[in-house]
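Data block below; observations after.
The values are calculated or read from the model by the stated rules, or taken from the named source; none is laboratory data. The model shown is predicted, which means the values in this text are computed figures rather than measured ones. For neighbour counting, all protein chains shown are included, and Cβ atoms are generated from backbone atoms with ideal geometry for every residue, glycine included. The area values use the complete protein model at the heavy-atom level, side chains included, leaving out ligands, DNA and RNA. Shrake-Rupley method; radii C 1.70, N 1.55, O 1.52, S 1.80 Å.
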Amino acid sequence: MKLIRASSLDELAAGVLIAGGTEVVPQLREGLLQAEALVDITELVPREIEGTRIGAGATLAEIEAASQLPDVLREACRLAASPQLRNMGSVGGNLLQATRCWYWRLNYPCRLHGGDRCHAREGEHREHAIFANDFCASAHPSDVAAALVALGATLWTSRRELPVRELYRVPDEGDRRTTTLERGEVMLELEVPPADASIYLKAMDRKRWAFPLVGVAAVRRGGNTTVALAGVAPIPWLLDGPLDDATPLPDTAYKVQIARALVGRAVAKLAG
């Protein structure tokens, strides 16, 4: 395998992009990614944090330490991973985390791998989705993505400007992808608008450094509170309707109860 240290945007289509490597390297090792070349983009992607503007190459640890940023984002970074991974992993890479669905990870011929069935719907699915789970029941694992969606953050790539929410799409028969990022397109910067108050709460199987069973990002501006969830849908889920709209599978009904409790706690905390 060849390593290309990219010095211009023209080289981005030459292989699989890599920065911190905490997401790409495990997928290469497990055979989930195939690459003849890795394109190291660390010299191309901004890493600085200036006010509320964040380079996509900034690490989770650097964002956590930036006191000017909203609490919801800093706490999501703190809870996302161990200190070692937070010091290596970039925010751009974190936003592009693949599902932790064990069927996908074990390379079953599921719908995300181009197959014709969602094995989780019929099999073990305790950690899977409770929203948008009819085609694929995988759950998006990024705490940070939920925080940025709740904040209404803006993303700049090498080709366009878009809300972070529009980086994601629910997979369907016509397009199995969970992001709208195109080949050779790279994230460059994020802009995080200020908030009057914000909070991130997380339920997980272990006391710390585990993927979210349910993560709740809540942001208050004036009299309005926006909530986004992690671990409950194939993408970070903006909660723009009641939790009663959830469609849990038999073994994920408990997630609705957890989400209801955490949302209630978060909203009450912001109102206090």
For this session: Take the stretch 200-220 and flag every residue that is open to solvent by 30 Å² or more (accessible area, probe 1.4 Å) and not charged (D, E, K, R).
Result: Leu201, Met204, Trp209, Phe211
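Matching residues to (1) over 24 Å from Gly184 (Cα atoms); (2) open to solvent by less than 70 Å² (accessible area, probe 1.4 Å); (3) out of contact with any strand residue (DSSP E or B) (no Cβ under 7 Å at 6 or more places or on another chain):
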position: Leu44; (1), (2), (3): no, yes, yes
position: Gly55; (1), (2), (3): no, yes, no
position: Thr59; (1), (2), (3): no, yes, no
position: Ala65; (1), (2), (3): yes, no, yes
position: Ala80; (1), (2), (3): yes, yes, yes
position: Arg86; (1), (2), (3): yes, yes, no
position: Leu96; (1), (2), (3): no, yes, no
position: Pro109; (1), (2), (3): yes, no, yes
position: His113; (1), (2), (3): no, yes, yes
For this session: Report, ordered by the first and then the second residue, all pairs with beta carbons closer than 7 Å, sequence separation of six or more or different chains, a first member in the stretch 86-110 that is in contact (Cβ under 8 Å) with a residue 24 or more places away in the chain and on the phi < 0 side of the Ramachandran plot, and a second member that is open to solvent by less than 60 Å² (accessible area, probe 1.4 Å) and of a type in the set (Phe, Trp, Tyr).
Result: Cys110/Tyr103; Cys110/Trp104
Exercise. Counting only residues that are basic (Lys, Arg) and under 19 Å from the mean Cα position of the chain (by Cα), which one in the stretch 5-58 is modelled with the lowest pLDDT?
Worked result: Arg47
Exercise. Taking the stretch 63-106 only, how many residues are over 28 Å from Arg121 (Cβ atoms) and part of a helix (DSSP H, G or I)?
Worked result: 20
Seminar exercise, completed: Counting only residues in the stretch 224-271 that are in a strand (DSSP E or B) and surrounded by 18 or more Cβ atoms within 10 Å (Cβ to Cβ), the one farthest from the chain's Cα centre (by Cα) is identified as Thr225
Seminar exercise, completed: For Glu185, the lone unmet condition from (1) open to solvent by 50 Å² or more (accessible area, probe 1.4 Å); (2) touching a helix residue (DSSP H, G or I) at 6+ places or on another chain (Cβ under 8 Å); (3) in a loop (DSSP other than H, G, I, E, B); (4) of a type outside the set (Ser, Thr, Tyr) is (1)
Problem set entry | Residues (small (Gly, Ala, Ser) and either within 24 Å of Val39 (Cα to Cα) or out of contact with any Leu (no Cβ under 8 Å at 6 or more places or on another chain) (or both)) located in the stretch 154-203 | Ser158, Gly174, Gly184
For this session: Can you work out which of the residues in the stretch 150-174 that are outside any loop (DSSP other than H, G, I, E, B) and open to solvent by 40 Å² or more (accessible area, probe 1.4 Å) is nearest to Arg111 (Cα to Cα)?
Result: Asp172
